[in-house]
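See below for the structure under consideration.
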Amino acid sequence: MDMLQVEKFKGVLLEKREELLERLDKIESSKVRKEPLEADSSEQAQEIVNHEVVDALDNMEGEELDKINQALSRIDNGSFGVCMECGESISEARLKAVPFACVCINCANS
Ligand SMILES: [Zn+2]
């Protein structure tokens, strides 16, 4: 992959990271607002469900953030766009869909 393309993906990744950090920030503040849990049992159950959703979202976004950070460090060390499993290059189409992909489509599906 040539440097120009790598730079383009770097821009996309940095933008995505900003977005995620903003969203995580909002999730954190909504958590604080929902505390403390005190209500009758049905309301409390609802609160717990909300918490679980927020936690799941939190995990998902946290995981994505990790992947983005990894992809950015792979850009820095020159291994971006190379499959971590088989060493083949990851197709541009795949990187456009998933800019933080670290394995090629074949390895991702196996
Ligand atoms: Zn592969």
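No lab work stands behind these numbers, since they all come straight from the coordinates. All of these numbers come straight from a predicted model, not from anything done at the bench. When we count neighbours, we look across all protein chains shown, and the Cβ atoms used for this are built from the backbone with ideal geometry, even at glycine.
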Pairs over 21 Å Cα to Cα, from 16/96; 31/67; 26/96, come to 31/67; 26/96
Sequence order, region 14-21: Karplus ³J(HN,Hα) from phi using 6.51 cos²θ - 1.76 cosθ + 1.60, θ = phi - 60°, Hz rounded, Gly and Pro as x, gives 5, 5, 4, 5, 4, 4, 4, 4
For residue 82, the residues 5 or more places away or on another chain with a placed amide H closer than 5 Å to its own amide H are 90
Of the residues 98, 59, 87, the Cα lying farthest along the dipole of region 43-98 towards its positive end, which is defined by charges on the beta carbon of Lys, Arg, Asp and Glu, belongs to 87
Projected area averaged over all directions for the convex hull of the alpha carbon atoms of the chain, nm², comes out at 8.5 nm²
About its Cα centre, region 3-109 carries a charge dipole, from +1 on Lys and Arg Cβ atoms and -1 on Asp and Glu Cβ atoms, whose size in debye to the nearest 20 is 680 debye
Whole-Hz Karplus couplings 3J(HN,Hα) for region 53-58, θ = phi - 60° and coefficients 6.51, -1.76, 1.60, Gly and Pro as x, run 4, 4, 5, 4, 4, 4
